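The values are calculated or read from the model by the stated rules, or taken from the named source; none is laboratory data. Because the structure is a prediction, the values reported are computed rather than measured. So basically every Cβ, Gly included, is an ideal-geometry build from the backbone, and we count neighbours across all protein chains shown.
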Amino acid sequence: MPKIHFSSPLDDVTVEVKPGTPILEAAEACGAQVGHSCGGVCACSTCHVWVRKGLESLSEQQDDEIDRLDMAFDVKPTSRLSCQATVGSEDLEVFITEESLKAYMDENPDVRRRLEAEGKWPVNK
Ligand code: FES
């Protein structure tokens, strides 16, 4: 099964998933801090990630995802919405964007408060 390595300024975590799994579902399975304000229905852009390895192996982008990514911050050629991109047969390196990390902290105030108390959030660039 392909492995996905998630990274951000806060954390690194790796998970194995079946091909066809949405990246967001993989993130939730391993506790990677990917925001998802709309619940994974392609109605926000808070699940925006940069796929640094294995991009070509992902499911093809549909028009909805392309339109929604137009509203995201720091869009790059490696950008995908993690709720829409499903895993192929290759391992992936996925970087969680600042936009997505901020959304995750808004969705998980307990985690945010703990990281603030530890001096780890907000992240200094
Ligand atoms: S969670 Fe909203 S577009 Fe992916």
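Just a few scattered comments:
- Highlighted here are the strands (runs of 3 or more DSSP E) found entirely within segment 1-105 that include at least 1 residues which are within 25 Å of GLU116 (Cα to Cα) and either within 12 Å of the chain's Cα centre (by Cα) or more than 14 Å from the ligand (Cβ to nearest atom) (or both): 3-7, 12-16, 48-53, 92-96.
- Some residue of segment 9-16 being touching a residue at least 40 places away in the same chain (Cβ under 8 Å) and surrounded by 14 or more Cβ atoms within 10 Å (Cβ to Cβ): yes
- Of the residues making up segment 31-62, those that are crowded, with 16+ Cβ neighbours inside 10 Å and either closer than 15 Å to ASN108 by Cβ or among the charged types (D, E, K, R) (or both) are ALA32, GLN33, VAL34, GLY35, HIS36, THR46, CYS47.
Matching residues to (1) in contact with a strand residue (DSSP E or B) (Cβ under 9 Å, 6 or more places away or on another chain); (2) crowded, with 20+ Cβ neighbours inside 10 Å; (3) under 18 Å from THR14 (Cα atoms):
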{"residue": "LEU81", "(1), (2), (3)": "yes, yes, no"}
{"residue": "GLN84", "(1), (2), (3)": "yes, yes, no"}
{"residue": "GLU93", "(1), (2), (3)": "yes, no, yes"}
{"residue": "THR97", "(1), (2), (3)": "yes, yes, yes"}
{"residue": "LYS102", "(1), (2), (3)": "no, no, no"}
{"residue": "GLU107", "(1), (2), (3)": "no, no, no"}
{"residue": "VAL123", "(1), (2), (3)": "no, no, no"}
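- Yes/no for LEU69 being more than 16 Å from GLU28 (Cβ to Cβ) and either modelled with pLDDT of 95 or more or buried (at least 19 other Cβ atoms within 10 Å of the Cβ) (or both): yes
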